[in-house]
Every structure is written in structure tokens, then in C-alpha cells.
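Here the structure comes first, spelled out in C-alpha cells, and everything after it is commentary.
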Amino acid sequence: MSEKVVLAFSGGLDTSVCVKLLEENYNSEVITACVDVGQPIEDIKRAEEVANILDVYKHVTIDAKDEFANDFISKGIKANASYEGYPLSTALARPLIAMKIIELAKKENAVAIAHGCTGKGNDQFRFESIIKSMSDFKIIAPVREMNLTRTEEQLYAEERGIPISPDSIFSIDENIWGRSIEGDLLEDPINIPPEEAYDWTSSIANAKDDEEIITIEFENGIPIAINDDKKPLIDLIKIANEIAGSHGIGRIDIIEDRIIGLKSREVYEVPGATLLLEAHKGLEQLVLSKSELSFLEGVSTIYADLVYSALWQEPLKEDLDALIDSMQKRVTGKVILKVFKGRIAVVGRESPFSLHDIDQISFEDKTNDQREIEGMIKHHGLQAAIYQKLMKK
Ligand code: ARG
């Protein structure tokens, strides 16, 4: 008797190979599930087509776009989450994908959940930590378990007539928050990414020749409007991607430290994320106190580390969410940005919770008697002065 298995499926090489491996080597009846987290519609369609060609037991597309924006990306924005310069597009989506697959596996009375991750990356940790903490499903990772290389997968695909996407030589992962490009010549950190690696962003040379002014409005730390047009977060991210991408913003090329300790060269396109995070930080400067801001820097780093490292359900992350939410109650207002040739500048900001006191900062202000500061200066740096005098003796 074959066993029902739900496979997290993208229609790419790894997951397509997994369908046949599961059938042949694991005696499985495969349900392929493609979770829509805002990847291009062509990818969703392709997954459907490939599943069809592979003649799977059943294929399901699960729309999780709004949930991704409202419950995952929103947290990334509020936390200014960025790991080594990468705004965590793939990392934020994985827990949600795993949750959706669990739901489906329960509905379908499956016995196991499978994924196409190799034993080298981070995604195996992200999927499995959620599956383990939220269910008792058996986990199958055929590519890892059979220790396959990419070339071996390609050969196996050819032998079995598994369709391979002709579009790219790279391994690409896309969702509404960003596009990750890995593999092939990019594996060697000295190789310059070719222009074909990019899809969402113009090169600086081809970026628009006119600067653009953009207004972004936030409520409780979350974007609610761009250029006074109120829209659901998912739509605002799409708009931000288009605007920033056309100005050559959001290309990232970094050496990233993976969970398993390997350093890896990673290329990303994250135009919208770059724009929205810049705007968010610009507004925080206006409304949060000096102590809050410096404290938040550490919080952001720890938060990003947890998300990257597959610890979405770590209690510390929940604690930090509560802390961040409390601070974000005042991150409401407007930010004006100028974008031009790959650069973003915050050029204006306004908020009902602004801690900036225009009257007191003004050189024309007479309400505060300047002379009162003299007493404060006398004591400011007192220990430094004592120390310097002591050293001179
Ligand atoms: N390095 C990134 C991360 O771990 C992206 C991985 C994306 N996977 C891919 N097949 N391109 O979050």
C-alpha cells in the first residue's frame, strides 16, 4: 500500500525530482502543494503544469499572499529585520509555507510531509522546525536523504523525462518580499553577477533618469499608503517593488553565514523591502526616543538572527514581537523619500507622535533660558575631566 505524502512544490528542479523519487523510492502517492506567497503568476502556473506532466495524485495551489504580508512581512518591517544585509525574503516565507502544508496534510489524511531541500541550506531547518513543533508528521527529504548533487538531479530528471525549466541556470526563490538568486557561476564569490541574473531591478546605468519623490504613510509601524493611495500591504509591497526596481534600488550581493556554518555568496533583489525599511527607519527616528532607538538596533539584529536561523517559534521571538508592537504604536505618520539611480534618501517626515519639538529646537526660541544649560555643562563629562587631569600629573 502506498502512503499519501504532501510535497511542498515549486515546479523547480529539486521539487520535481522529488515527485519521482517519492513514488519510486518511498512508495508514495504524491500530493504536490504550491503555496502562493506572491511569486510570479507564471511560476504558480508552471508548478501546476509540471505537476500535471508528472501525473501526481493531486496538485493544490494555496493562496497565502495576504497572510504572508500581514502576519510575516509586517513583523519583518516593524523589526527592521535584516540578516547581514538581507531582508529575509525567503526566511520569512518558509514558516508560513510549512504551516500551510501541515494544514493540507491534515485535511488529506497524509502520513508524511516532504520537501526538496538539500542538506546544505537553511530552508530544511525552517520547514522542519515548524513541522516538528506543530505536528507529528513524518518528514521526508529525498534529495538530502539520497545525498544528491545538482548534476545528479539533472541527470535523473533527464532519464525520467522530468521537465526542467529552461529559463535560468540559477536556483531562484521568489516571493513578494524578494528574489534570491543562487548557484552556478555565482557560487564563486569572485564572479560578477551577470545582468541576466536580475529580473526585478534595473541596473544603475538603465535606471530612470529622473528622480522620484515618494510619500509612504505608516500606521503602527506598518505601511498603509504610498503617494496617498491607501491599499492592502500586499499591494503596497508590489508598488514599492516596481518604483524602487525601476530606479535600480535593492540589488544585494553578500557573503552570508548559513545556519550550518558555511559561508555562501548570495545575490538578492529586494527593491520594495529596501524602500519600505528605509522609510520605516526614517519615521522611527522621529518618534522613538534615543534610548529606544539604540535598544532597537540590538533587537533588530537578534530578531533577524532568529528568523534566519529557523527559530520563528522561539519564545524570545514572541517576547520581542510584544516589545516591538508596544513601541510601534507610535510609529505612525508620513515619510517622504527621494529615489534616484540606486539611491534612497529620506527627505521629509511627520507624525502626531513626533518627539521633535520645533519650538524648542529653534534658534529663535526664548522660552528656554539658554543660561540654564551652564549648570548642566559643568557636570557633563565630569569624570572625563577628572581623568585627564589625573593623567597629566
Ligand atoms: N540564502 C537565503 C536564505 O537562506 C535564500 C535561499 C533561497 N533559496 C534558493 N533556492 N535560491 O534565506
Count of residues meeting criterion [touching a Ser or Thr at 6+ places or on another chain (Cβ under 9 Å) and modelled with pLDDT under 95] in region 337-390: 2
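When you check Met146 against the structure, is it within 18 Å of the chain's Cα centre (by Cα), closer than 23 Å to Val5 by Cα and hydrophobic (A, V, I, L, M, F, W, C), yes or no? Reasoning before the result, please.
Details: within 18 Å of the chain's Cα centre (by Cα): no; closer than 23 Å to Val5 by Cα: yes; hydrophobic (A, V, I, L, M, F, W, C): yes.
No: the conditions fail for Met146.
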Qualifying positions in region 248-261 - farther than 20 Å from Glu196 by Cβ and either touching a strand residue (DSSP E or B) at 6+ places or on another chain (Cβ under 9 Å) or polar (S, T, N, Q) (or both): Ile255, Glu256, Asp257, Arg258
Asn206 being within 19 Å of the chain's Cα centre (by Cα) and either within 16 Å of the ligand (Cβ to nearest atom) or loosely packed, with under 14 Cβ neighbours inside 10 Å (or both): no
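Residue by residue through region 186-197, note down the ones that are within 15 Å of the ligand (Cβ to nearest atom) and in contact with a helix residue (DSSP H, G or I) (Cβ under 9 Å, 6 or more places away or on another chain). Walk me through it before giving the result.
So the first thing to find is which residues in region 186-197 are within 15 Å of the ligand (Cβ to nearest atom), and the list is 186-187, 189, 193, 197.
Within region 186-197, Leu186, Pro193, Ala197 qualify.
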Flag for Val335 being within 16 Å of the ligand (Cβ to nearest atom) and hydrophobic (A, V, I, L, M, F, W, C): no
Residue ID - farthest from Ile234 (Cα to Cα), chosen from residues in region 21-45 that are surrounded by fewer than 19 Cβ atoms within 10 Å (Cβ to Cβ) and in contact (Cβ under 8 Å) with a residue 40 or more places away in the chain: Asn25
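Name the residue, out of Ala112, Ala64, that is hydrophobic (A, V, I, L, M, F, W, C) and touching a residue at least 60 places away in the same chain (Cβ under 8 Å).
Numbers: Ala64 fails: touching a residue at least 60 places away in the same chain (Cβ under 8 Å).
Going through Ala112, Ala64 in turn, the sole match is Ala112.
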Residue identified as more than 16 Å from the ligand (Cβ to nearest atom), buried (at least 16 other Cβ atoms within 10 Å of the Cβ) and not aliphatic (A, V, I, L, M) among Gly245, Gly250: Gly245
Unmet requirement for Ile113, which otherwise passes all of (1) at pLDDT below 95; (2) surrounded by 19 or more Cβ atoms within 10 Å (Cβ to Cβ): (1)
Pair list, Cβ under 6 Å, 6 or more apart: region 348-370 residue at negative phi, other residue at pLDDT below 90 and in a loop (DSSP other than H, G, I, E, B): Asp359/Asp365
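Within the bounds of region 289-302, is there any residue that is outside any loop (DSSP other than H, G, I, E, B), free of Cβ contacts under 8 Å to residues at least 60 places away in the same chain, touching an Asp or Glu at 6+ places or on another chain (Cβ under 9 Å) and surrounded by 14 or more Cβ atoms within 10 Å (Cβ to Cβ)?
From region 289-302, those outside any loop (DSSP other than H, G, I, E, B) are 290-302; that's our starting set.
Pick out the ones that are also free of Cβ contacts under 8 Å to residues at least 60 places away in the same chain and you get 290-295, 297-298, 301-302.
Those still in the list that are touching an Asp or Glu at 6+ places or on another chain (Cβ under 9 Å) too: 292-293.
Then drop every residue that is not surrounded by 14 or more Cβ atoms within 10 Å (Cβ to Cβ), which leaves 292-293.
Checked region 289-302: at least one residue is outside any loop (DSSP other than H, G, I, E, B), free of Cβ contacts under 8 Å to residues at least 60 places away in the same chain, touching an Asp or Glu at 6+ places or on another chain (Cβ under 9 Å) and surrounded by 14 or more Cβ atoms within 10 Å (Cβ to Cβ).
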Options Ile176, Ile181, Ile222: the member that is farther than 30 Å from Cys117 by Cα and either surrounded by 15 or more Cβ atoms within 10 Å (Cβ to Cβ) or away from the ligand (no atom under 16 Å from the Cβ) (or both): Ile222
Some residue of region 25-33 being under 27 Å from the mean Cα position of the chain (by Cα) and within 22 Å of Lys317 (Cα to Cα): no
Selection count where residues are more than 10 Å from the ligand (Cβ to nearest atom), among the aliphatic types (A, V, I, L, M) and in a strand (DSSP E or B), scope region 254-268: 1
Filtered residue count, region 40-75, keeping only those that are touching a helix residue (DSSP H, G or I) at 6+ places or on another chain (Cβ under 7 Å), closer than 30 Å to Leu276 by Cβ and not charged (D, E, K, R): 9
Near pairs, Cβ below 6 angstrom, 6+ apart or cross-chain, from region 238-258 (closer than 27 Å to Gly121 by Cβ) to any residue that is buried (at least 20 other Cβ atoms within 10 Å of the Cβ) and among the aromatic types (Phe, Trp, Tyr): Gly245/Trp200; Ile252/Tyr268
Qualifying positions in region 132-144 - within 16 Å of the ligand (Cβ to nearest atom) and free of Cβ contacts under 8 Å to residues at least 40 places away in the same chain: Ala141, Arg144
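The values are calculated or read from the model by the stated rules, or taken from the named source; none is laboratory data. Nothing here was measured: the structure is a model prediction, and the numbers come from that model. When we count neighbours, we look across all protein chains shown, and the Cβ atoms used for this are built from the backbone with ideal geometry, even at glycine.
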